[in-house]
Each structure stands twice: as C-alpha cells, then as structure tokens.
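Quick notes on the structure that follows.
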Amino acid sequence: MSPGSILSLAAEGGLPLSYLGTGREVPGDLIAASAEEIGRRVFGGSRS
C-alpha cells in the first residue's frame, strides 16, 4: 500500500498514525510517525 493511500485511510477514518513500517522486519523496521516523515514519504523523499 502506498504512503498516500495509508494517509488517506487514516484521515477518512479519523485514526492517528503512531508508527510507519519501513521494511519487512517488525519491530526493527518501525519508526515513529511524524508529520515530517509522512510528508517526506508521500511527496517522494527518502524511503529508507
């Protein structure tokens, strides 16, 4: 699922985003969600 799709679903459902998955390893590839990080991923910044 794309970052934009996840953001849209969260906004439509009124759900907060706490973490973002950056890979397949849980919990190793989880990072704290922030407006800056979400914006970077939605608008084409670094994906690592």
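The values are calculated or read from the model by the stated rules, or taken from the named source; none is laboratory data. Computed from a predicted structure; not experimentally measured. Neighbour counts are summed over all protein chains in view; Cβ atoms, including those assigned to glycine, are modelled from backbone coordinates with ideal geometry.
General observations
- Residue that is surrounded by the most Cβ atoms within 10 Å (Cβ to Cβ) [pool: residues in the chain that are in contact (Cβ under 8 Å) with a residue 12 or more places away in the chain and assigned to a strand (DSSP E or B)]: Leu20
- Considering the stretch 34-48, and only residues there that are of a type in the set (D, E, K, R) and modelled with pLDDT of 80 or more, the residue that is farthest from Gly4 (Cα to Cα) turns out to be Glu36.
- Residue within the stretch 6-15 that is at positive phi and modelled with pLDDT under 85 present: no
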